[in-house]
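Written out below as structure tokens is the structure these notes cover.
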Amino acid sequence: MRVYAEAMEYRRTYRESGSFFDAAYDNKTFRSASDLVGWDLRGNLIVLKTVIHSNVPSHFAAEAYACLDGTKLGISLRTHSVKLMGDSRTVIRKCQGTTTDKSAIGAIIRDIQSKKSDFQELIFQYIHRSKNSYAHRLAKNVLEKGETTYLRGEELDRHTLASVEIWPRNPD
């Protein structure tokens, strides 16, 4: 339940709109967890999503999957303009490029690039790890628990109220 409270503290500190993504990777089980935290232009938390991936070959692949999940989330939200921010300089640079990537994560990068046409604007921005610590901490917790999450709208509002211990009052 502390997720929202931490997200709001993060928001007060960094004041960025867009979707932050990060991944946690377990090299013993080859599993990863992607975390996506989305903010609108007014600074409102609009979506929290976590995804568990299996058979992930490397940490770079885990970060690339997190970026792909962010792209897919933008499509599902029918957003015309998305700014995806992550702390993997390699993944961000490859997503920004237009050449065919032949690296180990090339197939994932091609999937991301093939989705660019679904947006009017799709921006990939590198941010320092210290600005992405909330997303990373959440991804790590999700990997440990093995639970996926998708909160928006009323579900996110209920989670918000429970997190900050504000309960709706009955109208008098």
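The values are calculated or read from the model by the stated rules, or taken from the named source; none is laboratory data. Just so it is clear, the model here is predicted, and its values are computed rather than measured. FYI the Cβ positions are ideal-geometry reconstructions off the backbone, even for glycines, and counts take in every protein chain you see. Ligands, DNA and RNA are excluded from the accessible area calculation, which covers all protein heavy atoms including side chains. Shrake-Rupley method; radii C 1.70, N 1.55, O 1.52, S 1.80 Å.
Give I46, I92 a once-over and let me know the one that is of a type in the set (V, I, T), assigned to a helix (DSSP H, G or I) and more than 17 Å from R137 (Cβ to Cβ). Break it down into steps so the answer makes sense when it comes.
Numbers: I46 fails: assigned to a helix (DSSP H, G or I).
The unique qualifying residue is I92.
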Notebook entry, point to check: Counting just the residues of the stretch 49-89 that are open to solvent by 20 Å² or more (accessible area, probe 1.4 Å) and part of a strand (DSSP E or B), which one comes out farthest from R129 (Cα to Cα)?
Noted result: S81
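Among I127, I105, which is the only one that is more than 17 Å from L36 (Cβ to Cβ) and surrounded by 14 or more Cβ atoms within 10 Å (Cβ to Cβ)? Please lay out each step first, then the result.
Details: I127 fails: more than 17 Å from L36 (Cβ to Cβ).
Checking each option against the conditions leaves just I105.
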